[in-house]
1. Quick one: which residue in Leu200, Leu228 is of a type outside the set (S, T, N, Q), surrounded by 20 or more Cβ atoms within 10 Å (Cβ to Cβ), within 16 Å of the ligand (Cβ to nearest atom) and at pLDDT 95 or above?
2. Would you please name the residue that is most open to solvent (accessible area, probe 1.4 Å), looking only at residues in segment 390-406 that are modelled with pLDDT under 95 and in contact with a Lys or Arg (Cβ under 9 Å, 6 or more places away or on another chain)?
3. Which of the residues spanning segment 216-230 are over 15 Å from Val124 (Cβ atoms) and either among the aromatic types (Phe, Trp, Tyr) or outside any strand (DSSP E or B) (or both)?
4. What is the number of the single condition among (1) open to solvent by 60 Å² or more (accessible area, probe 1.4 Å); (2) within 16 Å of the ligand (Cβ to nearest atom); (3) within 22 Å of Ile254 (Cβ to Cβ) that Val175 does not meet?
5. Name the single residue, out of those in segment 81-102 being touching a strand residue (DSSP E or B) at 6+ places or on another chain (Cβ under 9 Å) and among the hydrophobic types (A, V, I, L, M, F, W, C), that is farthest from Thr118 (Cα to Cα).
6. Does Leu200 satisfy the condition of being closer than 21 Å to Arg376 by Cβ, in a helix (DSSP H, G or I) and not acidic (Asp, Glu)?
7. Any idea which residue in segment 272-289 is farthest from the chain's Cα centre (by Cα), counting only those that are in a loop (DSSP other than H, G, I, E, B), within 13 Å of the ligand (Cβ to nearest atom) and closer than 22 Å to Asp346 by Cα?
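The values are calculated or read from the model by the stated rules, or taken from the named source; none is laboratory data. Keep in mind that this is a model prediction, so the values were computed, not measured. So basically every Cβ, Gly included, is an ideal-geometry build from the backbone, and we count neighbours across all protein chains shown. The protein model used for the area step is the full one, side chains on, heavy atoms only, and it has no ligands, DNA or RNA in it. Shrake-Rupley method; radii C 1.70, N 1.55, O 1.52, S 1.80 Å.
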Amino acid sequence: MAEFNTETETLAEAVRTNLFAPAQEMSTLGRKGLPMLKGGEGIYVIDSEGRRLIDGPAGMWCTQIGYGRREIADALADQSMHLSYNSPWYTSNSPAAKLAARIAEMTPGDLTRIFFTTGGSTAVDTALRFTEFYNNILGRPQKKKIVVRMDGYHGSTSLTAACSGRTGNWPNFDVAQDRINFLSSPNVRLAGNRTEAEFLDDLVAEFETLIEEKGADTIAAFLAEPLLASGGVIIPPTGYHARFKAVCEANDIIYISDEVVTGFGRCGEWFASEKVFGVVPDIITFAKGVTSGYVPLGGLAISEKLLDRVSGENAKGGSFTNGYTYSGHPVSCAAALANIEVIERDGILAHVNEVSGHFAAALKALEDLPGVADIRSKGLVGCVECMVDPGRSEVTDADKALGLRIDEICFSLGLIVRPIGNMCVLSPPLIITRQEIDSMCEILREGILRAGEEKGAAQRSAA
Ligand SMILES: Cc1ncc(COP(=O)(O)O)c(C=O)c1O
């Protein structure tokens, strides 16, 4: 390795030379590094130059209770000294047992059976593999198709990536699979002249038509995020999930609610499916906020009614041979228990409900800035969609360049914004105060104004 003057330079060189990061732009591999973070405290991260930045996206929608929590560090250390690992194939451990019981109290309906995985992708992958197993045991090998939506995102395993409705993820990967069927994005912006109710009717009709065309006996599952997070915080029309669940029930289709982002307080509840979006699904997947990002963990909660059909006398000798070396990892589960304790002790769910109106209002106040095309939020997750010409519906490369420039300016002013094309997404740690929400939105305002001026963005009303 070459000699460098400072540790920072040496590390930056190692990033360029040896790290292969998610979503790596291959043309810049080895040439362009990534900003290095060296610390975190509350809602802030600290970069290698010692600058404090507000963590606008909560890492990757996950640092619910914020950085530097001694309680979590202690739980990790204690559990590591007691039992650092056990094989989930033939033993269990106390943190996994306690966590399963605790999560079973949080889930709606009879979703009381918890399977642990290593993160969100493996949680969704397991849910989908369960539907495959389920239908094979039930003697319906043809009932395997999965229905998903455009703009949805469900992970990065082969199967979950094939379920991604974010077209930017498709090029150069063999994601096209016959068994995956896409429905329209439930983005109300696409309703055109239709009312929200008419738009919803059309979305439901599209699902029913697909079932009719393919045959209910070929469709295993409907997989949906309560709100489409990575797709740009798309909040479906009111009543969407309940209507889709009714269609699923009528056709014996398993409804999987992917709560990898919305779980663990993002919308002010442990899980958002029932309490925020009015649906009791058959399976809920979770990850991220379950440990506030301190260590990896994911999982799914499955309905007992579903399990009854393929277990006990109905098992037909089947074993669910899906699992991970780190399923129910004792150290991760201990971190999750400590995280849940902090969320409860500090009243963080109530806090989210208290400040989410303020968050929504602070975002809404950006509405009239040049380049702002749409603003959406729910709980503590929001998106300001920007376009050079906010009157257009198609997103162009110029719009993406505008988004990127906003992110760069915000970074230089002390705020990380999740870079998703032309969409400025904020989903801060759940402990954020009103004052900090104001600071975050002030920086975003400045970023939108400056980038808009540079790129010649127009006012929405002028479009
Ligand atoms: C809704 C949703 N599901 C699944 C995943 C995949 O989770 P992971 O990156 O932990 O594998 C993500 C990641 O952002 C997500 O947003």
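1. Values: Leu200 fails: within 16 Å of the ligand (Cβ to nearest atom).
Going through Leu200, Leu228 in turn, just one is of a type outside the set (S, T, N, Q), surrounded by 20 or more Cβ atoms within 10 Å (Cβ to Cβ), within 16 Å of the ligand (Cβ to nearest atom) and at pLDDT 95 or above: Leu228.
2. Per the stated criteria, the residue is Ser393.
3. Applying the first criterion (over 15 Å from Val124 (Cβ atoms)) to segment 216-230 yields 216-219, 227.
Within segment 216-230, Ala216, Asp217, Thr218, Leu227 qualify.
4. For Val175, the exception is condition (1).
5. The selected residue is Ala101.
6. Details: closer than 21 Å to Arg376 by Cβ: yes; in a helix (DSSP H, G or I): yes; not acidic (Asp, Glu): yes.
Spelling it out, Leu200 is indeed closer than 21 Å to Arg376 by Cβ, in a helix (DSSP H, G or I) and not acidic (Asp, Glu).
7. Of segment 272-289, the ones in a loop (DSSP other than H, G, I, E, B) are 272-282, 287.
From what's left, within 13 Å of the ligand (Cβ to nearest atom): 272-273, 287.
Now restrict to residues that are closer than 22 Å to Asp346 by Cα: 272, 287.
Numbers: Ala272: 12, Ala287: 9 Å.
Filtering first and then ranking leaves Ala272.
To keep it simple, each residue is scored yes or no on (1) touching a residue at least 60 places away in the same chain (Cβ under 8 Å); (2) open to solvent by less than 60 Å² (accessible area, probe 1.4 Å); (3) over 20 Å from the mean Cα position of the chain (by Cα).
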{"position": "Phe359", "(1), (2), (3)": "yes, yes, no"}
{"position": "Leu369", "(1), (2), (3)": "yes, yes, yes"}
{"position": "Lys378", "(1), (2), (3)": "yes, no, no"}
{"position": "Cys386", "(1), (2), (3)": "yes, yes, yes"}
{"position": "Gly414", "(1), (2), (3)": "yes, yes, yes"}
